[in-house]
Structures are given as C-alpha cells and as structure tokens.
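What follows is a short report on a single structure.
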Amino acid sequence: MKRIAFLGMPNTGKSTLFNRLSGSSARVGNWPGITVDLHAVKTFLGGHMAELVDLPGIYDLQGLSEDEKIVQSFINNNKIDLAIVVLCSTQIERQLSLLLQLQKLHIPCVLALNMYDEAKKMGIAIDAVLLEKKLKTPVIKTSAKYGEGMVELLKACTQVINQKVSTPIKKIKPLNASDLISNEKTIQTLIKLTVKYPTKLNDKNTKKLDGLFLDPYWGLPIFFFIVFSIFQFIFTLGKPIQDLMTQFFNFFRLDYLEPLFINHHGIFESLLLDGLYLGVTTVAAFVPIIILFFLIMSVVEDSGYFSRAAFLMDTLMEKIGLDGRGFVMMLMGFGCNVPALMGTKIMRTKELRLLTMFVIPFSLCSARLQVFLFIITALFSATYGPLVLFCLYLLSFFTIFISALIFKHQFKNKEPIIIELPPYRFPTLSQIVKRSMIEIKHFLTRATKFIIIGVLLVWALTHFPMDVPIASELTYSGQLGKWLSPIFDPIGINEQLVIALIFGFIAKEIVIGALAVIYGVEGSALAHHLYSNVSQIQAISFMIFTLIYTPCLSTIATLKNESKNLSFVIYSVFWALLLAWVFSFIFYQTSLYFSS
Amino acid sequence: MPWGLGAEKKITVLRKAQFKGPFHIMIDTTELMIREHEASLINITSAAL
C-alpha cells in the first residue's frame with residue numbers, strides 16, 4: 001500500500017483537488033500521532049493500492065499552529081511515499097517554500113500548480129517545464145475547480161511512486177536562519193527564471209469589488225444586507241420544507257406506524273414512537289436547513305467575501321476576543337445554531353473556534369422564536385408583544401457579548417489573526433453540491449446517536465413509572481420538577497413549566513407541545529390556560545430562561561462533534577444554565593419588587 | 001518565515017479599517033488582513049518608493 005499525502009497552504013484548492021481525485025468518497029481515519037480527523041480514500045494507482053490523505057492546509061513545516069503541528073506529527077510518524085504539493089499559481093513566490101522544505105526531507109513530491117486558470121487571467125505565465133527541470137520534481141498545471149490537468153497529475157504521481165527510493169526520509173528539524181535565507185534565495189532565483197508577471201496585475205474585478213465591499217461608509221450596510229438576505233433565503237425556503245417534513249413524519253406516524261401497533265399498545269409502542277421515531281425525525285427535520293445553509297455558505301466562503309466580512313467586523317469583535325468571521329457565524333446562529341457551529345470550521349486557531357462555539361448557542365434561533373411567539377401572543381397585547389420580543393433579541397446579543405468578554409482570557413487566542421483576502425471567485429455547482437453533501441453526511445452520522453440517546457432519556461423520565469399519566473407530576477420528570485422547585489421557585493417557574501423545560505432540552509420546538517401534554521389542552525385553549533395560570537412576569541422569566549439555558553440536543557451533539565471535547569460541552573452547558581438562572585432571577589425578583 | 005512570507009518583501013498598505021481596525025495589505029500577489037498588533041511586529045528596514 002502506497003501512501004500519498006496532499007499538502008499545501010490554505011486557499012490553494014487542495015481539498016477540491018483531493019475531492020476531484022478521490023471522488024469525495026473519503027472516510028475519516030486514525031493515524032499514529034494524530035488526534036484529529038483526516039480525510040483519506042483508497043484507490044488503485046500505477047499498479048499499487050494507494051491511500052490518499054488530505055492533510056490540513058499549512059503555511060510552513062516549522063509553524064506552531066494546531067494544523068502545522070498535525071502535519072508535522074503526520075510526517076514524523078507515518079511513511080509517505082509521495083506528497084502532492086498543491087500551490088496557488090498566482091502566489092507561487094510565497095508558496096514554493098513548502099515544497100523546498102519537503103524536498104529537504106527527501107519526500108518524493110509532485111507539484112500541482114493549481115488555479116492556473118486564475119494565473120492566466122491575471123496575466124501570470126509560469127514555465128512549468130523549466131521549473132520542473134530546476135526543481136527536479138514533476139510540475140503539473142492544474143485547475144481542480146474545472147478538472148483540468150487531472151490526467152497529467154495522475155500520470156506524474158504514477159511515475160514517482162514506481163521509482164525506487166534509495167534515500168531514507170528524514171524527520172522534520174527546526175530550520176536555522178541560514179536555511180531560511182538559502183530557501184528564500186532559491187525561490188527568488190526560480191521565480192526570476194520561470195515566472196513572468198505583467199507590469200500591472202490584471203485583476204480589476206477584485207479591486208473594484210473591494211472598493212465597494214470594504215468602503216468605510218458603505219461596507220457595513222452592504223455586509224448587513226448580504227447577511228440578512230442569506231438569512232432570509234435560508235429560512236424562507238428552508239422553514240416550509242422543514243415544516244413539510246415534520247407534517248410528513250406526523251402523517252407517516254399516524255397513518256402507517258400507529259396502526260402497526262393497534263393491538264400492542266404499551267411501553268414498546270411508546271418507546272418506538274415517542275422515543276426512537278421522535279429522535280430520528282428530530283434529526284431529519286434539521287436536514288433541509290443544513291443543506292441550504294451549506295449550499296449558501298460554500299458560495300460565500302469560496303467567493304472570498306467571508307474574509308472581507310471578517311475585515312469589516314474585526315474591530316468590534318477583537319475587543320471581545322473573537323474575530324470578524326465569528327460575527328457572521330453568530331448571525332447565522334439566529335437562524336439555527338447547528339449549522340452556525342459547523343461553520344466555525346473556517347477558523348484555524350483552536351481557542352478562537354472554541355470561544356466562538358461557546359457563544360453561538362446564545363443566539364435566539366428560529367425554534368426558540370416559535371416558543372416566544374406563542375407565549376407572547378397568549379399573554380401580551382399587540383402593543384407590548386413586539387417590545388418583549390425585541391428585548392429578548394437584545395438580551396441574546398448581550399449574553400453573547402458578556403460571555404465572550406468573560407471567557408476571552410480562558411480561550412485566549414495565542415496565534416496572530418492574519419486572514420488572507422483571496423481574489424473573488426465563483427465556485428462551480430458540483431463543488432457546492434459536493435461540499436454540502438460532505439457536511440450533511442458528517443452531521444447525520446455523528447449527531448444521530450447522541451440525539452437518540454438524549455431523546456430516550458427524556459422519554460424515560462416523562463413515561464415512568466408506567467401506571468401514572470404521561471408527563472404528569474407523578475412521573476420521574478414531574479418528581480424532578482418538584483425536586484428542582486427550590487431552584488426554580490425564586491425565578492417564578494412552576495413545576496409544570498420545569499417539565500416543559502426538560503422537554504425543551506431535546507428541541508425547543510417541542511416546548512409548546514410539551515405544555516399541551518402537561519396541561520391537557522391544545523392551541524387556543526392552551527394559550528387561554530397560560531393566560532389564566534401564568535403571570536406576565538413569570539412568562540418573561542420563563543422566556544429568558546428558555547433563551548439562555550442549555551441549547552437543544554442537536555446543538556449539544558454538534559458542539560461535541562466539532563470541539564471533540566466533552567469537558568468543553570459540559571462547561572458551556574453549565575455556564576448557560578447558570579447565566580439563565582441569574583438573568584431570570586434578576587428580572588423576576590426586580591419585577592416582583594417594583595410591582596408590589 | 002510565517003505564513004510563507006519571506007524577509008525583504010515589499011508591503012503595500014491598501015486600506016485600513018475605521019476605529020483602529022485591521023490593515024488590508026498586499027505582499028507580492030497576496031492580500032492579507034492584519035491587525036495593528038501583528039502589523040507592529042513587522043520590521044521595516046527601508047522603503048523603496
């Protein structure tokens with residue numbers, strides 16, 4: 001088995017090239033010395049079984065960033081038969097250093113001059129034949145985006161892996177100053193000989209668009225308009241599809257599943273339908289929004305606008321320990337926390353990503369909005385209702401900012417924030433679709449188990465002991481509500497509302513459904529019941545708690561998958577619960593004091 | 001040699017964000033966003049106009 005590693009700097013189209021050659025059927029593998037997931041695929045190449053491994057984008061073999069440590073560890077602990085070094089042709093003078101460093105380790109290399117189509121457009125010409133001769137390494141012009149140069153690249157790879165390697169591969173050693181100067185001189189000589197730049201770079205579109213998007217006055221309004229439009233598009237299209245799916249799942253349950261158990265009422269039916277089926281359909285209902293989110297995000301990310309948004313928002317976000325990209329993700333979280341958490345992948349530094357993931361669950365998502373709209377409509381007049389909702393949105397922002405401010409030293413970003421502003425590009429349809437499919441596959445395979453376990457736990461709490469009414473005060477959840485009353489009484493949340501909060505742990509959408517089960521009434525009757533039994537102060541306190549306390553199970557599962565750190569998940573859930581209680585307590589007790 | 005940028009390169013400042021925000025710079029054909037703190041670490045020895 002031959003091992004072929006893909007190496008390159010970020011934004012070189014390395015993963016696109018990997019997906020192009022692997023058919024995006026990559027699996028996640030375990031590697032000696034590596035604790036993070038790397039994508040790999042097995043294929044047949046040049047008479048050998050070969051394993052293609054997509055390594056994280058790095059700037060330097062000597063670097064100290066998380067990604068650079070991963071690559072260093074991979075190279076030092078795994079035998080590499082060939083490295084496909086992918087570089088962006090327009091930035092060849094900056095990116096050749098990585099190839100030179102790999103060559104010094106005696107790793108057989110093939111150089112892919114990717115995005116050659118862009119270099120041509122900019123008027124940059126590279127003499128690949130001369131470069132190949134000087135580097136003593138095959139050099140292939142490619143465009144992974146359009147699939148150009150793939151045959152030539154595979155041919156070159158086949159030749160290299162069939163050559164006998166006599167020199168043993170060295171381990172990575174720190175470079176000294178003279179090595180760096182020597183590398184730099186070699187690069188300068190190579191560039192002078194093989195690359196021709198136009199007198200003026202021919203990328204007028206990027207200049208014009210930057211003039212508009214980064215304008216000191218118009219930049220921010222345009223940014224908010226773009227984010228708002230994306231948000232609107234995802235939820236205008238995604239929400240009805242999600243609702244249709246929910247309707248379909250209900251229809252399927254009522255018309256096909258429940259009749260199957262017509263003679264077998266009891267715990268088994270309840271376990272399958274209220275437990276497993278509910279769990280699976282809860283996950284499935286997220287899929288349309290996640291598909292749309294990643295379709296749009298891959299366009300925005302690949303277009304280069306993301307880095308511009310980071311530039312615009314960075315001044316504010318730096319003060320709370322985040323960066324401009326974090327703000328975009330936070331805004332996305334107002335639609336749904338799950339894709340926003342998954343979208344933080346674009347951040348390279350671990351601490352920055354963790355802090356961003358820490359605050360995203362405080363974004364008032366569309367599921368919480370449904371609960372608030374029902375309660376506000378039931379208990380508040382048309383004059384005060386919108387004001388209450390507006391205050392909840394303000395509180396959501398406040399919670400995000402205060403949490404980031406408090407924890408910015410704990411998740412202190414030790415790496416410099418330098419973001420590349422690539423030329424504006426438009427990804428191809430197949431790139432967009434492939435990328436979205438990979439994300440959805442990850443979400444489904446990883447989140448499902450976690451969510452089903454959570455749903456079964458809540459099902460057991462609300463259905464046992466068996467001889468009492470479901471979700472009543474006599475069930476374990478009811479007893480838990482009673483047991484928790486010393487904690488919830490000071491914030492005005494009664495035992496029935498506590499049971500609804502336990503249901504809300506699965507998904508916020510089912511809080512209202514849970515209240516219907518608990519009170520035994522639905523729709524307008526439930527609204528009337530709430531109006532008669534819950535005061536406005538209690539209702540606001542309940543909404544504050546629902547806004548801040550533990551996010552839904554899908555969000556928690558995503559938080560665990562993306563952070564790969566259970567302590568971090570427990571920590572963030574505990575902080576959310578504490579903050580929810582403190583804010584509800586301050587509001588409830590202050591309101592009681594003034595109303596009396 | 002961080003971010004693949006070597007010494008003795010020409011840096012062009014394209015713009016600066018408002019309220020002490022980051023710089024938008026260009027080194028060779030690469031455009032970067034760099035915060036004030038990181039920019040202050042760049043050692044400028046000479047400038048060719």
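The table below gives the values:
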| item | result |
| --- | --- |
| Residues satisfying the stated conditions in segment B:1-20, i.e. facing chain A (nearest Cβ under 7 Å), modelled with pLDDT of 85 or more and either assigned to a strand (DSSP E or B) or open to solvent by less than 30 Å² (accessible area, probe 1.4 Å) (or both) | B:Arg15, B:Ala17 |
| Which numbered condition A:Ile548 misses (of (1) open to solvent by 50 Å² or more (accessible area, probe 1.4 Å); (2) within 13 Å of A:Phe587 (Cβ to Cβ)) | (1) |
| Top-ranked residue in segment A:96-109 [being under 15 Å from A:Gln62 (Cα atoms) and touching a helix residue (DSSP H, G or I) at 6+ places or on another chain (Cβ under 6 Å); ranked as nearest to the other protein chains (Cβ to nearest Cβ)] | A:Ser97 |
| A:Pro138 within 29 Å of B:Ala7 (Cα to Cα), touching an Asp or Glu at 6+ places or on another chain (Cβ under 9 Å) and of a type outside the set (A, V, I, L, M) | yes |
| Residues that are outside any helix (DSSP H, G or I) and surrounded by fewer than 22 Cβ atoms within 10 Å (Cβ to Cβ), drawn from segment A:324-363 | A:Phe334, A:Arg348, A:Thr349 |
| Pairs with Cβ under 7 Å, 6+ apart, first in segment A:140-155 and touching a residue at least 12 places away in the same chain (Cβ under 8 Å) and within 19 Å of A:Leu99 (Cβ to Cβ), second in a helix (DSSP H, G or I) and open to solvent by 80 Å² or more (accessible area, probe 1.4 Å) | A:Ile140/A:Glu152; A:Ala144/A:Arg20 |
| Any hit, segment A:346-362, residues being of a type in the set (Asp, Glu) and within 14 Å of another protein chain (Cβ to nearest Cβ) | no |
| A:Lys185 vs. criteria facing chain B (nearest Cβ under 10 Å) and either at pLDDT 90 or above or open to solvent by 40 Å² or more (accessible area, probe 1.4 Å) (or both) | yes |
| Selection status of A:Phe235, part of a helix (DSSP H, G or I), under 36 Å from the mean Cα position of the chain (by Cα) and farther than 25 Å from A:Arg425 by Cβ | yes |
| Residue selected from segment A:389-445 under the condition assigned to a helix (DSSP H, G or I) and polar (S, T, N, Q), by the criterion farthest from the other protein chains (Cβ to nearest Cβ) | A:Thr445 |
| Unique match (being touching a Leu at 6+ places or on another chain (Cβ under 6 Å) and part of a strand (DSSP E or B)) among A:Val85, A:Val71, A:Val110 | A:Val85 |
| Residue among A:Leu530, A:Leu559, A:Leu515 that alone is within 24 Å of A:Thr399 (Cα to Cα) and in a helix (DSSP H, G or I) | A:Leu559 |
| Close pairs from segment B:21-32: first more than 7 Å from every other protein chain (Cβ to nearest Cβ), partner surrounded by fewer than 20 Cβ atoms within 10 Å (Cβ to Cβ) and of a type in the set (Val, Ile, Thr), Cβ under 7 Å, at least 6 apart | B:Phe23/B:Val13; B:Ile25/B:Ile11; B:Ile25/B:Thr12; B:Ile25/B:Val13; B:Met26/B:Thr12; B:Ile27/B:Ile11 |
| Filter result for A:Val151 (open to solvent by 40 Å² or more (accessible area, probe 1.4 Å), under 21 Å from A:Leu17 (Cα atoms), more than 13 Å from every other protein chain (Cβ to nearest Cβ) and among the hydrophobic types (A, V, I, L, M, F, W, C)) | yes |
| Condition check for A:Tyr197: exposed (fewer than 11 other Cβ atoms within 10 Å of the Cβ) and over 30 Å from A:Leu272 (Cα atoms) | no |
| Qualifying residue in segment A:299-317 (condition: under 21 Å from A:Asp243 (Cβ atoms), under 14 Å from the mean Cα position of the chain (by Cα) and not in a loop (DSSP other than H, G, I, E, B)) | no |
| Number of positions in segment A:105-140 that are under 32 Å from the mean Cα position of the chain (by Cα) and open to solvent by 10 Å² or more (accessible area, probe 1.4 Å) | 4 |
| Filtered residues of segment A:329-368 (kept if in contact with a Cys (Cβ under 9 Å, 6 or more places away or on another chain) and β-branched (Val, Ile, Thr)) | A:Val338 |
| Residue tally, condition exposed (fewer than 11 other Cβ atoms within 10 Å of the Cβ) and away from every other protein chain (no Cβ under 14 Å), over segment A:213-224 | 0 |
| Qualifying residue in segment A:293-305 (condition: at pLDDT 80 or above, surrounded by fewer than 24 Cβ atoms within 10 Å (Cβ to Cβ) and within 14 Å of another protein chain (Cβ to nearest Cβ)) | yes |
| Test for A:Ile267: is it of a type in the set (Val, Ile, Thr) and either surrounded by 14 or more Cβ atoms within 10 Å (Cβ to Cβ) or in contact with a helix residue (DSSP H, G or I) (Cβ under 6 Å, 6 or more places away or on another chain) (or both) | no |
| Filtered residue count, segment A:155-182, keeping only those that are modelled with pLDDT of 85 or more, among the aliphatic types (A, V, I, L, M) and either more than 18 Å from A:Thr137 (Cβ to Cβ) or open to solvent by 70 Å² or more (accessible area, probe 1.4 Å) (or both) | 0 |
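The values are calculated or read from the model by the stated rules, or taken from the named source; none is laboratory data. This one's a predicted model, so the numbers in the text were calculated from it and none came from an experiment. So basically every Cβ, Gly included, is an ideal-geometry build from the backbone, and we count neighbours across all protein chains shown. Quick note on the areas: whole protein, heavy atoms, side chains included, nothing else; ligands and nucleic acids left out. Shrake-Rupley method; radii C 1.70, N 1.55, O 1.52, S 1.80 Å.
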